[in-house]
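The values are calculated or read from the model by the stated rules, or taken from the named source; none is laboratory data. Predicted model, so just to flag it, every value in this text is computed and none were measured. FYI the Cβ positions are ideal-geometry reconstructions off the backbone, even for glycines, and counts take in every protein chain you see.
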Amino acid sequence: MINDMHEQSYQAERAFASSRSLGTRSAQVGPSLQSFLKRADLLTLKLFLSAIEEGQIGRAAERENLVPSAATRRIQELEDLAGTRLLDRSAKGVVASPAGQVVARHARMVIDALLGMRRDVVAFTHGNADTLSIAAPRLLIIYFVAAQLGEFERRYPDFEVDLREETYPDTLRALITGDVELAVFDTPVSESRIEGVDSLECRRDRLVVLVPVNHPLASARSVSLETLLEQELIGTRPASCLMSTLRHAAGRIGHELRLKRSVETLDAARSMVSAGLGVALHPQSGILSLHQREHLVTLPIDGDWATLSYRVGWREGRSLTPAAAALVEQLTARLAFSRHGGCHGAHSVERASAVCS
């Protein structure tokens, strides 16, 4: 309802601005500042960024709670305002044109500035308390993030932490769109650079394969990727980093990943392996119950592809608040962090260029 009212108001304002500018448009180079501010509103800019991130205007419309026709109209009007095509359209979806990349960069700067203003106002109204928002997948919250945040709040009682549990793709999306200041996520070591994200490694882990105690591989010392792909694999969410890592590794040796069964969580996967229904990937640091240890065998996996990097990240080029800087320092250890020159140092981060997805 609110977005519908916003849409009606937006169209009325645009019509009014257009009618006033008809007589002077030919004498101007581009729209006036007043016209630009009315026609390139924040919802349109956010919609434009969502279209680039989603690769489709329809999905972007759903994400921003707009009907597809309204979303299409807004982006077309933004292109009219820019005087050039901002999105290259094809049957596969949309990507930013060179001009669109320029607009996207400035749009992110505008939204970042507003988020910074909101953060400062919230801090002021809460007695200057520094609030930190962070997103992480459930698995990493269980493994170490919850314990680290507990220690953090004991060390810094004046800092308030807002933790959001998200899926792996939504963790990165929340970070890149500016919904959170920090994110903790996992990637293969070989693909640890994320586009639009600066990050530091917190720790490393290895993937292992869980097999039933009576499985033919139970006595093996380790498992190769080729052997693993021949098994009756039980997968988890397709977009999870574990499945993405396995899928990419299989593709690099010319194999297609085929799953015998698929479940939502590692808990369910472990239960199915215990029941003899297949084998499953699992982080080595994952906790097995006493019952599961009696029914499962954990086997190392050969190859560097099975090494995971657990990382803490923030938007590329963004200055961190005191709370965020303190948590990054804690997660990465003081010695390692100072060795990189602090959170604002030129060599403090690993610049990103590819997403694990």
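LEU132 meets the stated requirement of being closer than 30 Å to ARG204 by Cβ, in contact (Cβ under 8 Å) with a residue 40 or more places away in the chain and surrounded by 17 or more Cβ atoms within 10 Å (Cβ to Cβ).
Kindly establish whether PHE185 is modelled with pLDDT of 90 or more, part of a strand (DSSP E or B), in the same structural domain as GLY303 (by TED's automatic domain parsing) and touching a Leu at 6+ places or on another chain (Cβ under 8 Å). Break it down stepwise before answering.
Working: modelled with pLDDT of 90 or more: yes; part of a strand (DSSP E or B): yes; in the same structural domain as GLY303 (by TED's automatic domain parsing): yes; touching a Leu at 6+ places or on another chain (Cβ under 8 Å): yes.
It is true that PHE185 is modelled with pLDDT of 90 or more, part of a strand (DSSP E or B), in the same structural domain as GLY303 (by TED's automatic domain parsing) and touching a Leu at 6+ places or on another chain (Cβ under 8 Å).
Within the range 135-181, if we keep just the residues that are among the hydroxyl-bearing types (Ser, Thr, Tyr) and either touching an Asp or Glu at 6+ places or on another chain (Cβ under 9 Å) or crowded, with 18+ Cβ neighbours inside 10 Å (or both), the residue that is nearest to ALA239 (Cα to Cα) turns out to be TYR168.
Note on the range 182-200: among residues that are over 24 Å from ALA326 (Cβ atoms) and charged (D, E, K, R), the one that is surrounded by the fewest Cβ atoms within 10 Å (Cβ to Cβ) is GLU195.
How many residues does the range 156-172 contain that are part of a helix (DSSP H, G or I) and touching a residue at least 40 places away in the same chain (Cβ under 8 Å)? So the answer is 3.
Identify all residues within the range 75-90 that are in a strand (DSSP E or B) and either out of contact with any Ser or Thr (no Cβ under 9 Å at 6 or more places or on another chain) or touching a residue at least 24 places away in the same chain (Cβ under 8 Å) (or both); write none if there are none. Matches in the range 75-90: LEU87, ARG89, SER90. Among the residues of the range 206-219, is there at least one that is in contact (Cβ under 8 Å) with a residue 24 or more places away in the chain, under 25 Å from ALA113 (Cβ atoms), surrounded by 16 or more Cβ atoms within 10 Å (Cβ to Cβ) and aliphatic (A, V, I, L, M)? Scanning the range 206-219, I find no residue that is in contact (Cβ under 8 Å) with a residue 24 or more places away in the chain, under 25 Å from ALA113 (Cβ atoms), surrounded by 16 or more Cβ atoms within 10 Å (Cβ to Cβ) and aliphatic (A, V, I, L, M), so the answer is no.
Scan the helices (runs of 4 or more DSSP H) fully inside the range 285-340 and keep the ones with 2 or more residues being at pLDDT 90 or above and among the β-branched types (Val, Ile, Thr). Full working, then the answer.
Values: elements: 290-295, 322-332, 334-339.
Answer list for the range 285-340: 322-332.
In the range 171-193, which residues are of a type outside the set (S, T, N, Q) and closer than 17 Å to ASP112 by Cβ?
So in the range 171-193, the residues of a type outside the set (S, T, N, Q) come out as 172-176, 178-186, 188-189, 191, 193.
Residues satisfying the conditions are LEU172, ARG173, ALA174, LEU175, ILE176, GLY178, ASP179, VAL180, GLU181, LEU182, ALA183.
Restricting attention to the range 291-321, the residues that are acidic (Asp, Glu) and surrounded by 18 or more Cβ atoms within 10 Å (Cβ to Cβ) add up to 0. Could you check, for the range 261-274, whether at least one of its residues is assigned by TED's automatic domain parsing to the domain that holds PHE185, exposed (fewer than 13 other Cβ atoms within 10 Å of the Cβ), assigned to a loop (DSSP other than H, G, I, E, B) and more than 28 Å from the chain's Cα centre (by Cα)? Among the residues of the range 261-274, not one is assigned by TED's automatic domain parsing to the domain that holds PHE185, exposed (fewer than 13 other Cβ atoms within 10 Å of the Cβ), assigned to a loop (DSSP other than H, G, I, E, B) and more than 28 Å from the chain's Cα centre (by Cα), which makes the answer no. Residues in the range 91-110 that are surrounded by fewer than 16 Cβ atoms within 10 Å (Cβ to Cβ) and either in contact with a helix residue (DSSP H, G or I) (Cβ under 6 Å, 6 or more places away or on another chain) or in a helix (DSSP H, G or I) (or both): PRO98, ALA99, GLN101, VAL102, ARG105, HIS106, MET109, VAL110. Being within 22 Å of THR171 (Cα to Cα) and either small (Gly, Ala, Ser) or not assigned by TED's automatic domain parsing to the domain that holds GLU294 (or both) is the filter; apply it to the range 230-260 and report the residue that is surrounded by the fewest Cβ atoms within 10 Å (Cβ to Cβ). Selected residue: ALA239.
For the range 205-254, give me the residue count where each residue is of a type in the set (Val, Ile, Thr) and in contact with a Phe, Trp or Tyr (Cβ under 9 Å, 6 or more places away or on another chain).
Here is the first cut: in the range 205-254, the residues of a type in the set (Val, Ile, Thr) are 208-209, 211, 213, 223, 227, 234, 236, 245, 253.
Okay, now just the ones that are also in contact with a Phe, Trp or Tyr (Cβ under 9 Å, 6 or more places away or on another chain), so 245.
The qualifying residues number 1.
Entry remark, the range 53-74: residues being in contact with a helix residue (DSSP H, G or I) (Cβ under 6 Å, 6 or more places away or on another chain) and either in a helix (DSSP H, G or I) or of a type in the set (S, T, N, Q) (or both) number 12 in total.
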